[in-house]
Amino acid sequence: GNKVVAITARSHLFPLREKDEAADFCKKEGIEHIFIDSQELNIPGFRENPKDRCYLCKRELFKEIIEVAKEHGLDFVCEGSNLDDMGDYRPGLKAIEELGVKSPLRECNLWKSDIRAISKELGLATWNKQSFACLASRFVYGQSITLEKLNMVEKAEELLLDLDFVQERVRIHSFENGETSGSIARIEVRPEEFSKLVENRERIFKAFKKLGFDYVSMDLQGYRSGSMNETLED
């Protein structure tokens, strides 16, 4: 009802499609919707993409959101992590805890599959929306995050979405060796959609080359959440 306000960050880390979907959802459901402009690339240390990048980002982002909530007389700020998020490296959860942000889906012991089932029962259009994480998660830890590369990843994933892949990621790997440098796109899709990726390989390769990728590859392990965390040491 009128006790709820939705806040969406406009950022280079989130595709325009996501912003528009959030706006359409709030309009349909009659939810007051506020946009804030977030400049993550200006956060000290963020561009260098350290292991705690998500912590740095979440801390600054939720500080801004908390201030907006106070201005509107709201007592709590909530975010949408669920129990699935507890099984991976999520430094952003530390910032959420430190700032006193509520996580109702986790507090109610809901998994992603539970949320989808409940959303479908409620008739929400987002019940089968593909999983999404910010575009910074497409970068190898320690490799610089730039606006140019964020745009490359966004447009590359946009192409795959337009081809109706159920779930996809385009991870970017940069390389530099003396006078040689470039970038590799590593595409993750579900194994059952491998054949579809191969069928469209020429179109995808040509489009990715135009975006600035030097090489385009397919990850034979397939899509999985947080694949960039697999090289982290315990």
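The values are calculated or read from the model by the stated rules, or taken from the named source; none is laboratory data. Note that this is a predicted model, so its numbers are computed, not measured. In this analysis, Cβ positions are derived from the backbone assuming ideal geometry, glycine residues included, and neighbour counts consider all displayed protein chains. Ligands, DNA and RNA are excluded from the accessible area calculation, which covers all protein heavy atoms including side chains. Shrake-Rupley method; radii C 1.70, N 1.55, O 1.52, S 1.80 Å.
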List the number of the failed condition for Tyr55; all other conditions in (1) hydroxyl-bearing (Ser, Thr, Tyr); (2) closer than 25 Å to Ser113 by Cα; (3) in a helix (DSSP H, G or I) hold.
-> (2)
Among strands (runs of 3 or more DSSP E) entirely within segment 130-222, at least 2 residues that are open to solvent by less than 10 Å² (accessible area, probe 1.4 Å) occur in 168-177, 180-189
If you take the residues of segment 108-129 that are part of a helix (DSSP H, G or I) and among the charged types (D, E, K, R), which of them is surrounded by the fewest Cβ atoms within 10 Å (Cβ to Cβ)?
-> Glu121
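Taking segment 1-38 as the search range and keeping residues that are in a loop (DSSP other than H, G, I, E, B) and closer than 16 Å to Ile66 by Cα, which one is least open to solvent (accessible area, probe 1.4 Å)?
Keep residues of segment 1-38 that are in a loop (DSSP other than H, G, I, E, B), which gives 1-4, 11-15, 30-31, 38.
Subsequent filtering for residues that are closer than 16 Å to Ile66 by Cα retains 3-4, 38.
Numbers: Lys3: 171, Val4: 80, Ser38: 6 Å².
Among them, the one singled out is Ser38.
Matching residues to (1) under 18 Å from Asn49 (Cα atoms); (2) without any contact (Cβ under 8 Å) to a residue 12 or more places away in the chain; (3) charged (D, E, K, R):
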residue	(1), (2), (3)
Glu158	no, no, yes
Val166	no, no, no
Val170	yes, no, no
Gly178	no, yes, no
Ser183	yes, no, no
Pro191	no, no, no
Leu197	no, no, no
Ala207	no, no, no
Residue count for segment 66-107, restricted to those that are surrounded by 15 or more Cβ atoms within 10 Å (Cβ to Cβ), small (Gly, Ala, Ser), under 22 Å from His33 (Cβ atoms) and under 17 Å from the mean Cα position of the chain (by Cα) | 1
Scope segment 165-200; condition farther than 16 Å from Val153 by Cα and at pLDDT 95 or above; matching residues = Arg190, Pro191, Glu192, Glu193, Phe194, Ser195, Lys196, Leu197, Val198, Glu199, Asn200
Would you pick out the residues in segment 93-132 that are free of Cβ contacts under 8 Å to residues at least 12 places away in the same chain and of a type in the set (S, T, N, Q)?
-> Ser113, Ser119
